[in-house]
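All remarks here apply to the structure that follows.
Laboratory data are not the source of any read-out in this text; all were calculated from the coordinates shown. This structure is a prediction, so every number in the text was calculated from the model and none was measured. Cβ sites come from the backbone with ideal geometry, for glycine too, and all protein chains shown count toward neighbours.
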Amino acid sequence: MKQTSETGGEASQDPSGSASPASGRVAAWKLLAAHPVTLFSIFVLTCIVVVALAAPWIAPYGVNQTDVSRALQPPSAAHWMGTDDLGRDVMSRIIAATGTSMQIAVASVVFAFMVGVPIGILAGYVGGLVDAVLMRVVDVMFAFPVLLLALAIVAILTPGQLTTMIAIGVVFTPIFARVARASTLSVRVEPFVQVSRTMGTPGWWILLRHILPNITGPIVVQTSLSLAFAILSEAALSFLGLGIQPPYPSWGGMLFDAQGFMSQAWWMSVFPGAAIFIAVLAFNLLGDGLRDVLDPKQRTLAELRRKR
Amino acid sequence: MRMSPRAVTRFLGMRLIHSAVVLFGVMVVTFALIQLVPGDPVRLALGTRYTQESYDALMAASGLDRPMGEQFFAYIGSAATGDLGVSFRSGQPVTVLLFERLPATLSLAGAGLLIGLLIAVPAGLWAALREGRLADGVVRITSQFGVSIPDFWMGMLLILVFSTGLGWLPSSGYIPISESPGGWLRQVTLPAITVGTVAGAILTRYVRAATLEVANMGYVRTAKSKGLAPSVVTLRHIARNALVPVLTVAGIQLATILSGVIVVEVVFAWPGLGRLVFDSVASRDYPMIQGAVLLIAVMFLLINFIVDVLYAVVDPRIRLA
């Protein structure tokens, strides 16, 4: 973790980003740039964000524009991804659902981050009883499978976009708490933190100035992976009819509708699922790429590979 | 390296206490579930079937009219004796309904885990032994695909190809193993492949990582420099040691599979716990949801406990920590 921050410092002192000969270290973005898979995932994610933002302008048809005379049409020039049982354009609905899916994923992960990271840092830094209590709470939450807990939360509240965000956010909170705690524990014993403490630096300053910057690597990686799982979880909830409610389009909801038309309209089940798959895969690959760059152990390997 | 029996007992004791604390927390959460429902859960569950008599009867049966503290102790007490209340929907004991569904879920989860391991162990070993080469890259990317694919979509694709397309396998239904092993196998194949692919993808990464760690150990280098055949080194020195940590992950995966089966069971109309939870959420059958959540969480704790113990038995270093 310490190495990451040192490199960060070097990169800012040396805007050209060239490796300093003494350490042989390279700027993080240079390593990322040398990683085609990661670059590609960034490109795909950019496209997804553009589609989400420009949805009203690029969708060829209205989201709920029904035309029963053109129901269950296979993919054609007029309807690239076919039409559903009500004659709605599948592609337009997939495009419109992109924004909703991203919003929910981002909002729930931000929630989990804002709650989980402070809890984890506190537990890791303070230790003792606070740590024991907080971590037992985290253990309890981990005893429930993710989707099951989300389902239970939706069962309590009424299904809808806000509930979906809360459910996924709550379920992901302990993951962030655990990652933040583990990193904090490893940084807390570093000499520079010990020295700072003996010098009488107040606790909050140590947390802000020394701990936080040094644990960002694992947390950034976790954020990217969590976004992937948040999209999956939202899709699963919507598929079960407990996430986004019709008539609002959602990838999972479209797949649920498609189930009744498996033998007549393969396009209804193939395309929405492909949208989920691509979005999830992109966040997962990005997370993996970031880990290669931000995790000191992986990073050394990546640098070695670069030199070869 | 053998540990004294006392250390083993101590370790088991600590693990037991930890599990008990977490179990208590789990029960607090499942108890809170029904308390947190805004409004009156019984009224909500009855919906359009509401009459004063049915309301009073259900209220009394569920004990929700009593003070919360009393309810909590009653809940803990009766749960300990296996009484999880009565289903709002059917009026039958929750425990009975849960155990009716359990075999279907366990047989699907077991078959899924088996497929997952059959994919993960060879793929992970193969990738790790060819680290940084093409095979490794292919396995890593493929496992990313497996992790990213929504399981319910995968199930639908399998149905599209093998049921509605080729007509080889049924798209839904369940036959208990006890009734007809062959029939069960036909029914379980598609859902188990669905569950196993995702589990296999995750496990592959752990097998690969564990193998890499072991392959760089001194004793492996020693074995190689002694001139042992590569196959002997791979099987006896690397695979055997690498698969120990995989045991833990496989245990955790079994729990993840239990969660994943909810959607897969819905896709394949598999009458297991997941399907039960789904139906119960739809009909606001809170005692049923409460019971199913508790049962799955307890199974998760139990699996983890067993895995921890096995792990400590297999690897003495764990007990020292």
What's the whole-number percent of alpha carbon pairs in region B:47-167 lying beyond 18 angstrom? 74 percent
Note on region A:133-222: alpha-carbon gyration tensor, axes a ≥ b ≥ c; rule is a/c under 1.5 for rounded, else prolate if a/b larger than b/c, else oblate; result prolate
In whole Å, what three semi-axes, largest first, describe the equivalent ellipsoid of region A:30-75 built from its Cα gyration tensor (square root of 5 times each eigenvalue)? 36, 13, 5
At a Förster distance of 22 Å, what's the computed FRET efficiency of A:Val130 paired with A:Trp204, Cβ-Cβ distance as r, to 0.05? 0.90
For B:Ala60 and B:Ile141, compute 0.36 nm times the residue count separating them, minus their Cα-Cα distance, and round to one decimal in nm. 23.5 nm
With R₀ set to 22 angstrom, the calculated FRET efficiency between the beta-carbons of A:Ala274 and A:Leu86, to the nearest 0.05, is 0.60
Which whole number of Å³ per residue matches the convex hull of the alpha-carbon atoms in region B:52-95? 57 Å³
Which value in deg cm²/dmol, rounded to the nearest 500, describes the helix-derived mean residue ellipticity at 222 nm for the protein assembly as shown, given -39,500 (n - 2.57) per DSSP H run of n ≥ 4 and division by the residue count? -24500 deg cm²/dmol
Using a Förster distance of 56 Å, how high is the FRET efficiency between B:Phe24 and A:Arg70, based on the Cβ-Cβ distance and rounded to 0.05? 0.45
Would you mind computing Rg(Cα) / (2.2 N^0.38 Å) for region A:59-156, counting N as its residues? 1.78
At most 14 other Cβ within 10 Å, DSSP loop - trypsin sites (Lys or Arg not before Pro), region B:161-267: B:Lys226
Mind jotting down a quarter of the surface of the convex hull over the alpha carbons of region B:96-271, in square nanometres, one decimal? 11.7 nm²
Where does region B:1-99 land on Rg/Rh, using Cα atoms and the Kirkwood Rh? 1.18
Taking 0.36 nm per residue of sequence separation and subtracting the Cα-Cα distance, how much length would be gained by fully extending the chain between B:Ala32 and B:Tyr311, in nm to one decimal? 97.1 nm
Between Rg and the Kirkwood Rh of chain A, both from Cα atoms, what is the Rg to Rh ratio? 1.06
From the square roots a ≥ b ≥ c of the eigenvalues of the alpha-carbon gyration tensor of chain B, which class results: rounded (a/c under 1.5), prolate (a/b over b/c), or oblate? oblate
On a C-alpha basis, how far is the centre of region B:185-229 from the centre of region B:104-122 in Å? Whole number, if you could? 14 Å
Debye log10 I(q)/I(0) at q = 0.06, 0.07, 0.08 Å⁻¹ for the protein assembly as shown, Cα point scatterers: -0.36, -0.50, -0.66
Computed on Cα atoms only, the convex hull of region A:153-272 has an orientation-averaged projected area in nm² of 9.9 nm²
Taking the Kirkwood radius as the inverse of the mean 1/r across Cα pairs, report the Rg/Rh of region B:159-238. 1.29
Which number do you get for Rg(Cα) / (2.2 N^0.38 Å) in region B:235-321? 1.44
Roughly how large, in nm² to one decimal, is the mean projection of the convex hull of the alpha-carbon atoms in region B:68-139? 8.9 nm²
Starting from the Cα-Cα distance between B:Arg10 and B:Arg49, subtract it from 0.36 nm times their residue separation and give me the gain in nm to one decimal. 8.5 nm
PRE zone check, label point 7 Å out along Cα-to-Cβ of B:Asp279, amide N under 15 Å, scope region B:28-55, hits none
Max mean-square fluctuation residue, GNM over chain B, Cα-Cα springs under 10 Å, options B:Leu16, B:Leu295, B:Leu243: B:Leu16
Nearest 10 degrees, 0 to 90: what angle lies between the long axis of helix A:212-239 and the longest principal axis of chain A (Cα atoms)? 20 degrees
